[in-house]
Amino acid sequence: KDKTETAKPADPSKEPAKEPKPTAPSGSPSDIIDKIYAKKTVELPLGTTELDLSDGEIFTAVTGLASSDKVKAAAYSESMMGSQAYSLVVVRVKKSKDAAAVADEMLSGINPAKWICVEADDVRVAAYDDLVMLIMVSSSFEETVTGKEIVSAFKKVCGGSLDVSKKR
């Protein structure tokens with residue numbers, strides 16, 4: 001009995017060591033948005049705002065989520081000028097295991113025509129560890145930015161891998 005208990009820890013070379021998954025980058029959702037923009041410059045007049053999780057109506061309009069129960073913090077970046085169909089949202093969830101479900105809810109719940117006179121036709125979500133990102137952009141901005149480019153920048157910020165990457 002003692003032999004089997006000590007044999008496993010004493011000989012770890014028989015099983016390949018599993019690399020622990022790196023955690024998501026640290027920082028507030030606003031910091032993550034800044035890191036994304038450091039990887040992909042967006043030539044639009046953008047402003048980044050921390051979301052008040054207690055303001056349900058605004059929270060839902062920006063994230064597509066029915067409630068903020070699973071969310072620790074959130075921020076969004078949108079045009080500061082009129083109706084430009086561009087919105088980048090980063091949410092840090094309380095538990096990493098909820099990230100995929102939160103990403104799915106954001107993708108299905110968001111209104112890509114929330115600007116009324118313009119609509120985003122490139123809508124994507126991505127998630128890594130406890131971070132979820134939503135990007136909505138009009139293909140009319142394809143010379144400046146695409147959803148794919150923002151997802152790629154987010155992936156770089158997250159160390160080169162994503163747990164979730166979907167588009168509508």
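The values are calculated or read from the model by the stated rules, or taken from the named source; none is laboratory data. Everything quoted here is computed from the prediction, not taken from an experiment. Cβ coordinates were reconstructed from backbone atoms using ideal geometry, including for glycine residues, and neighbour counts include every protein chain displayed. Accessible surface is based on the protein model in full, side chains and every heavy atom, while ligands, DNA and RNA are left aside. Shrake-Rupley method; radii C 1.70, N 1.55, O 1.52, S 1.80 Å.
Odds and ends about this structure:
- The range 54-92, residues that are assigned to a loop (DSSP other than H, G, I, E, B) and either open to solvent by less than 40 Å² (accessible area, probe 1.4 Å) or in contact (Cβ under 8 Å) with a residue 60 or more places away in the chain (or both): Gly64, Leu65, Ser68, Ala85
- Verdict on Ser165 being outside any loop (DSSP other than H, G, I, E, B) and open to solvent by 10 Å² or more (accessible area, probe 1.4 Å): yes
- Within the range 142-160, the residues that satisfy the criterion of being open to solvent by less than 50 Å² (accessible area, probe 1.4 Å) and either at pLDDT below 95 or in contact with an Asp or Glu (Cβ under 7 Å, 6 or more places away or on another chain) (or both) are Thr144, Thr146, Gly147, Gly160.
- Of everything listed in (1) modelled with pLDDT of 95 or more; (2) among the small types (Gly, Ala, Ser); (3) open to solvent by 10 Å² or more (accessible area, probe 1.4 Å); (4) not in a strand (DSSP E or B), the single unmet condition for Ala103 is (3).
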